[in-house]
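Engineer: Dropping the structure in here first, questions after.
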Amino acid sequence: MFGAWWLYLTYGVIGGPGDSGWATCPPVAMVTKWFPDHRGLAGGLVLTGFGLGAFVYNSIVSHVSGFSRAVADASAFSPPAVR
């Protein structure tokens, strides 16, 4: 109804804060309380784990045949021209 720009805007507004607020902040806050003498190191290790988890997941998913076919099909799709 509103077009692609509305999808991108709402996805970014909802997904961005949701990911950083719900997924990363509680574990970082918790681990900094567990290790008060090494807050920076503990928080950095937690955030490194989040980043490495996404990297490993992406590496595994790219070798699953179902996802590979879906990517090929999506790459072949050409959206209609914007007026």
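The values are calculated or read from the model by the stated rules, or taken from the named source; none is laboratory data. Everything numeric in this text was worked out from a predicted model, so none of it was measured. FYI the Cβ positions are ideal-geometry reconstructions off the backbone, even for glycines, and counts take in every protein chain you see. We work out accessible area using only protein heavy atoms, side chains counted, and drop any ligands, DNA or RNA first. Shrake-Rupley method; radii C 1.70, N 1.55, O 1.52, S 1.80 Å.
Engineer: Going residue by residue through region 27-41, is there one that turns out to be of a type in the set (Ser, Thr, Tyr) and closer than 29 Å to residue 5 by Cα? Before the answer, list the steps.
Structural biologist: If we filter region 27-41 for residues that are of a type in the set (Ser, Thr, Tyr), which is where we start, we get 32.
Then drop every residue that is not closer than 29 Å to residue 5 by Cα, which leaves none.
The answer is no; no qualifying residue exists.
Engineer: Let me ask you something else. Looking at 79, 36, 26, which is the one that is more than 20 Å from the chain's Cα centre (by Cα), modelled with pLDDT of 75 or more and not hydroxyl-bearing (Ser, Thr, Tyr)? Break it down stepwise before answering.
Structural biologist: Working: 79 fails: modelled with pLDDT of 75 or more; 26 fails: more than 20 Å from the chain's Cα centre (by Cα).
Checking each option against the conditions leaves just 36.
Engineer: Further question: Would you check if there is a residue in region 18-37 being touching a Ser or Thr at 6+ places or on another chain (Cβ under 9 Å) and open to solvent by less than 100 Å² (accessible area, probe 1.4 Å)? Explain how you work it out, then say what you get.
Structural biologist: Filtering region 18-37 down to residues touching a Ser or Thr at 6+ places or on another chain (Cβ under 9 Å) leaves none.
Within region 18-37, not a single residue is touching a Ser or Thr at 6+ places or on another chain (Cβ under 9 Å) and open to solvent by less than 100 Å² (accessible area, probe 1.4 Å).
Engineer: Taking residue 69, is it of a type in the set (Lys, Arg) and at pLDDT below 85?
Structural biologist: Details: of a type in the set (Lys, Arg): yes; at pLDDT below 85: yes.
Yes.
Engineer: On to the next question. Note down all Cβ pairs under 6 Å where the first residue falls in region 44-63 and is open to solvent by less than 40 Å² (accessible area, probe 1.4 Å), the second is assigned to a helix (DSSP H, G or I), and they're at least six residues apart or on different chains.
Structural biologist: These pairs meet every condition: 46/27; 46/28; 46/31; 61/67.
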